[in-house]
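Below is one structure, written out as structure tokens; the observations come after it.
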Amino acid sequence: MIMNTQEKTYITATELSEQLGISVGQSYKIIRELNAELKKQGYITVAGKCPRRYIEKKWYGFGNAKEN
């Protein structure tokens with residue numbers, strides 16, 4: 001599988017803070033909460049990063065958030 005470097009799989013707290021206009025600390029808090037949800041579902045998580053698609057799904061309502 002060749003990964004497109006233009007579209008990274010994970011978003012960092014710094015990138016999230018810039019996109020949402022919030023502090024980096026608040027971004028880390030959001031990422032920790034989302035990673036806890038993913039871990040509960042059996043996924044492997046990376047501290048300080050979260051899959052972009054999961055953040056989009058949870059934040060912007062793509063898909064049904066109640067699925068999780």
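Here are a few things to note about the model shown:
- Ile30 being modelled with pLDDT of 95 or more, out of contact with any Pro (no Cβ under 9 Å at 6 or more places or on another chain), among the aliphatic types (A, V, I, L, M) and loosely packed, with under 14 Cβ neighbours inside 10 Å: no
- Inspection of region 38-46 finds a residue satisfying the criterion of being in a helix (DSSP H, G or I), at pLDDT 95 or above, out of contact with any Leu (no Cβ under 8 Å at 6 or more places or on another chain) and open to solvent by less than 100 Å² (accessible area, probe 1.4 Å).
- Tally, over region 20-50, of residues that are over 12 Å from the mean Cα position of the chain (by Cα) and closer than 16 Å to Tyr60 by Cβ: 3
The values are calculated or read from the model by the stated rules, or taken from the named source; none is laboratory data. In this text, all values refer to a predicted model and were calculated from it rather than measured experimentally. Positions of Cβ are generated from backbone atoms using ideal geometry, with glycine treated the same way; all protein chains shown enter the neighbour counts. Accessible surface is based on the protein model in full, side chains and every heavy atom, while ligands, DNA and RNA are left aside. Shrake-Rupley method; radii C 1.70, N 1.55, O 1.52, S 1.80 Å.
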